[in-house]
Structure formats: structure tokens, C-alpha cells
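Coordinate-derived values only; no laboratory data. As the structure is a computational prediction, the values presented were derived from the model and not from experiment. Neighbour counts run over all protein chains shown; Cβ positions are idealised from the backbone, glycine included.
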Amino acid sequence: MAPIGDGPEYDLVVIGGGSGGLAAAKEAAGLGAKVAVLDYVTPSPKGTKWGLGGTCVNVGCIPKKLMHQAALLGEAIEDAKSYGWQFPQPENIKHDWASLRQAVQNHIKSVNWVTRVELRDKKVEYINGLGVFKDPHTVHTVTKQGERTLTSKYFLIAVGGRPRYPNIPGAVEYGITSDDIFSLEEAPGKTLVVGAGYIGLECAGFLRGLGYDATVMVRSVVLRGFDQQMAKLIASAMEEKGVKFLHKCLPKSVEKRSDNKLLVKWSNETGQEFEDVFDTVLFAIGRRALTRELHLDKAGVKVAGDGEKIDAMNEQSNVPHIFAVGDVLYKKPELTPVAIHAGRLLARRLFGNSTVQMDYDNVATTVFSPLEYGSVGISEETAIQRFGENNIEIYHAYYKPTEFFIPQRSIAHCYLKVVAKREGPQQVLGMHFIGPQAGEVIQGFAAAMKCNLTVNALMSTVGIHPTIAEEFTRINITKRSGKDPNPASCCS
Ligand code: FAD
Ligand code: NAP
């Protein structure tokens, strides 16, 4: 329905009801704007689809964290035995994929429902349709109820992305992605995960934790862009738990055999060819922004050099009344809190007289592998590149989490690192932590870094004993000193 009268029908039309779009829509409506959100999920090639809420809720952070938790509980059962818990028939303790999948999917459905109710309560109109630009001021969509044409003062593009598939025979026909794994009907079995970024490591980590044979195929390095010493430690921790790694390899084809198993062929950097049989092949090779479907040319919105993402200055595209937030933005972190924060701040600037801009620097993040790696700020490599080796100081330590003592769990990978400027009070540039609950540990220090944390301040902070977060307050060994960073005792 076109607007009656001269003005546009809405103050804000949001295309994409995920983390960023919903945050912006709710904030704008709360500030009195008339808002509509279009959200539509195109089924994955395997036919998986889901409800309102975007990637995080349906096929991202939340199901991932739940499966991570399931894997951690498996480890906890093992630990429990050494703490005196007795299991009458330990040989009968096994994991049931179908129960986990159902529990995860039930939770997701409840969140989908709550999200719809929340939009209704906040008077945000939800339209279940794929939004397509007709011109710079009009978006068109087709819903079950019929066609809609929406005009608005402002538009927000928050369409996020979807997993890529490699261009090899059989990838799309027989492979799955993170879009499918959390609702997979059959237990995944022996799984090959192609890609060694966040998603690849996290999926392989929880699958192994649940008892499946998991192999990660790495194209170049594990967790490219992260501090590489930490990345290698994470890979080694995963290997210790039984995850296999195929380094410097690329898949060539996936074929389905008569027994329904998947024959994968691949080659390494010297061109040597290999093959093995898997039950599941999961591609985690990065994500493509969903801009192609939007007909951005009709709106005059330009995409960045990569041909897909929107290069927006303060979330504003080259068309002044069209904005973008979240994974669709060029060279910005693809993280839920980033999308939410940017969406909220944008709504406040558009409708609440605010001038506060999003700060994309020093955003904390965690890889749940399942031993967690949390980090905020820059890596050792980036610090050296930016400031020169002589101008930075690296504090580091291995430590022993108290909870690992009795089960005698490996502490080989429990390591932390503080990257700081060498001069003066030694401003902290990066903090890196591997261990249980690393995400919880690093979150508070991220706030401290926002307040220009220094090594002096860290060292004069009194720790909470016995925690693992206190290890950051105990740092005293620099890499430069060459001293042994291994712990002497728990309380030294
Ligand atoms: P999305 O949440 O993807 O929402 C976009 C929505 O728009 C989708 O519902 C889409 O279907 C819809 N849409 C697309 N095109 C149209 C259209 N034309 N019309 C209407 N609707 C449309 N981040 C973290 O911070 N922590 C984590 O632990 C974490 N884990 C992750 C694990 C996995 C497996 C994945 C895949 C991602 C994970 N992320 C995590 C990243 C996080 O999910 C994303 O950064 C975040 O969801 C991006 O939000 P967004 O608003 O940009 O897009
Ligand atoms: P990613 O981090 O960009 O990693 C992609 C991986 O796939 C890299 O290891 C890459 O190798 C490899 N790769 C790329 N193309 C390939 C090909 N053709 N064949 C084989 N391997 C290939 O992407 P992602 O893991 O899909 O995650 C996407 C985003 O989601 C992340 O950037 C992150 O922001 C977000 N996310 C966050 C969390 C979290 O916060 N815990 C969890 C999951 C996802 P190279 O290094 O050689 O390029």
C-alpha cells in the first residue's frame, strides 16, 4: 500500500530483523518513530529455515553457546568423578544428539516468539517478507498476505550474511554449513569441518566434545587475524582433546557413496592428493553479505571493493537517508554486540538528538573452542608492526585454574598475555586469555581498556582469589626478560 498524502508512510524501515536491525527498530520506536521491520529467511540449500531474530538467535551465537555448554558438561562429568561423584553405571553415560538438538530448537522457538511479542509491545510493525529496493525511497516486498510497498524517511540495511560454499563439485549438494548443523536431524558422526576461523573451530570443538570424530581443514593458518601464538595454543588444545587438523589443505570434491557416506578429496600445498570418508562435511569458510538480493543499484547505494559489503561512514551509506549496520558493513567486526550497539546508537542519532557515534575499536571477543580464547585490543604481531618491537612490552604467564587441580586436567594451554606500550605507565594495547570462562574474564577488562588501562593499574589491582581472572593482576614477567612464565604454585 502506498502512503496516503505527501509524506512517507514510515520514519524508519529496517530491512533485516537480526541483531542490528531489531535493536535499531526497538530503540527508534521507543523514541517515538513509526517503524517497520522486514525479515525473511531464504532456506539454506539443505532446506533449513528459521524464525524471527536473525543469525545470532537461530543459527549463530545462541545455539553455538548451547552446544558449547553441552560439550563442557561432558568434560564436567569426567571431572566430577575425581571430585567424588559416583555414577552407578559410568559405561551408560552417553550423549544423545536428538535430545540436544530438540532442546536447542525449543529454546530458539521460544526466543522467536518472545521477539515477536516484544516488537508488538513496542509498536514496531513486523513484516515477514524479503525487502527489495524499488527506488531510493521505496522498498517492495511480497508477503503471504500480498504485496507491500513501503516508503520511509530513513532506511536501515541490516541484512547480515549467509555462509559461503567453495566452488568445488558436490559442496552445495552434499555439504552443510552452520545454517544446518544446529537443527541436523541425524547425529553428525565423523565430520570434516572446512575452514579454521571462529565457526570452524567452534563447531569442530563442540562436536568433538560431544564425542564425534572431528577434523578441521586449514587453508592458511588457524584464526587468521588473531594473535598467532594464542591461535596455535588453541589449535594445540583442540588437538589434545582429539580434534584432527589438516594444515595447508584445500578441498577438491565431495561425492556421495552408495552407503550414503561422503568421499572427500583434497590436496595439500605441494599438490599431493588425499581422500577420506566422512558422515558430514561442514563448510565454515566465511560469510557473504546479503546485498545482492536487495537491488541496491535501484536505491543508488554503492558497495565496497569486495562487491558485497557496504562501506558506510558512521553507518551512513553514500545515499544520505539509507544506513547500514551489522555484518553487512565493510571491514567491521561481524559480532552481535557490535551490530546491536551500532543499531541503537544510530536510532538515537536519528530520532533522539544524540551525536554519539559507534566506536569499533577494542571490541572484545571470544572463541569458544571449547577451551575459550578471549581477547580485546591488538595482537602481539600488530603491536610490533604498529609501534616497533622496542616500543612494546609483552607480559605473559601460564597459570593453573584451581578447578583443574583435582582432575589433573592439562594446563599446557592456560596462558595469558598483556600487550602494552613500553614507556611511561605502559598503556595496555591488547589482552589475551586462554582458559575456562575466558569470555567472562575478558569482558570486564574490555571496560578497563576503554578507560585507558595501564600495566601500572593492572599491577596495583587486588585480585579475587582463587579465580582465573586474578591472573591478569599478577602479571610480572615480560617476554623480553626471558624468565620462565610457568607458575610456581597456586598462591605465589
Ligand atoms: P543477522 O543477525 O544475520 O540478521 C539479518 C536478518 O535479515 C536475517 O534474519 C536475514 O534472514 C534477514 N534478511 C536478509 N536479507 C533480507 C531481505 N532482503 N529482506 C528481509 N530480511 C532479510 N557473534 C558474537 O558476537 N558471538 C558469538 O558467539 C557468535 N557466534 C556465531 C556463531 C555462528 C555459527 C555464526 C554464523 C555467527 C556467530 N556470531 C557471533 C556472529 C553474529 O551472529 C552476527 O555478527 C550477527 O548476527 C549479525 O547481526 P546482523 O543484524 O548484522 O545480521
Ligand atoms: P572467518 O572467521 O572469516 O574464517 C573463514 C575460514 O575459512 C578461514 O580459516 C579461511 O582461511 C577459510 N577459507 C576461506 N575460504 C576458503 C576456501 N575456499 N577453502 C577453504 N578454506 C577457506 O569466517 P567464519 O568462521 O565463517 O566466521 C564469520 C564471522 O562470524 C567471523 O568473522 C566472526 O566475526 C563471526 N563469528 C563470531 C563468533 C564468536 O564471536 N565467538 C563465532 C562464530 C562466528 P584463510 O585464513 O586462509 O582465509
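Students often get this wrong, so check it: of Lys49/Lys109; Lys109/Lys241; Lys65/Lys109; Lys232/Lys479, which have C-alpha atoms separated by over 22 Å?
On the way: Lys49/Lys109 12 Å; Lys109/Lys241 32 Å; Lys65/Lys109 16 Å; Lys232/Lys479 17 Å.
Beyond 22 Å: Lys109/Lys241.
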Which chymotrypsin sites (Phe, Trp or Tyr not before Pro) in the range 83-137 sit in a loop by DSSP (not H, G, I, E or B) and have at most 15 other Cβ atoms within 10 Å of their own Cβ? Tyr83, Trp85
Quick one: which of 331-340, 473-482, 29-38 comes out on top by average Cβ neighbours within 10 Å, and what's the full order, highest first? 29-38, 331-340, 473-482
Considering only the other residues whose Cβ falls under 15 Å of the Cβ of Ala80, what net charge follows from Lys and Arg at +1 and Asp and Glu at -1? -2
Any idea how far apart Trp113 and Lys252 come out in nm if each label point goes 7 Å out from Cα toward Cβ? 5.1 nm
Tell me which GluC sites (Glu not before Pro) from the range 224-269 have a DSSP coil assignment and no more than 12 other beta carbons within 10 Å of their own. Glu269
GluC sites (Glu not before Pro) restricted to the range 386-455 and DSSP loop, no more than 11 other C-beta within 10 Å: Glu423
Note down the net charge around Lys417, summing +1 for each Lys or Arg and -1 for each Asp or Glu among other residues with Cβ under 10 Å from its Cβ. -1
Give a residue-ordered list of calculated ³J(HN,Hα) values for the range 61-72 (Karplus: 6.51 cos²θ - 1.76 cosθ + 1.60, θ = phi - 60°; whole Hz; x for Gly, Pro). 3, 6, x, 4, 5, 5, 6, 4, 4, 4, 5, 5
For Glu275 and Ser236, what is the calculated FRET efficiency with R₀ set at 30 Å and r taken between the beta-carbons, to the nearest 0.05? 0.70
What are the lysines whose alpha-carbon lies under 22 Å from the alpha-carbon of Lys332, with same-chain residues fewer than 8 places away excluded? Lys64, Lys302, Lys309, Lys450
What three numbers, in Å, describe the spread of the alpha carbons of the chain along their principal axes, ordered from the longest? 77, 66, 51
Cross-link reach from Lys34 to lysines, straight Cα distance under 16 Å and at least 8 residues apart if same chain, gives Lys26, Lys122, Lys123, Lys153
In order over the range 232-247: 3J(HN,Hα) from phi, Karplus 6.51/-1.76/1.60, θ = phi - 60°, whole Hz, x for each Gly or Pro, gives 5, 5, 5, 4, 5, 5, 5, 4, 4, 8, x, 6, 9, 10, 10, 7
How much net charge surrounds Gln427 when only the other residues with a Cβ under 13 Å from the Cβ of Gln427 are counted, with Lys and Arg +1 and Asp and Glu -1? +2
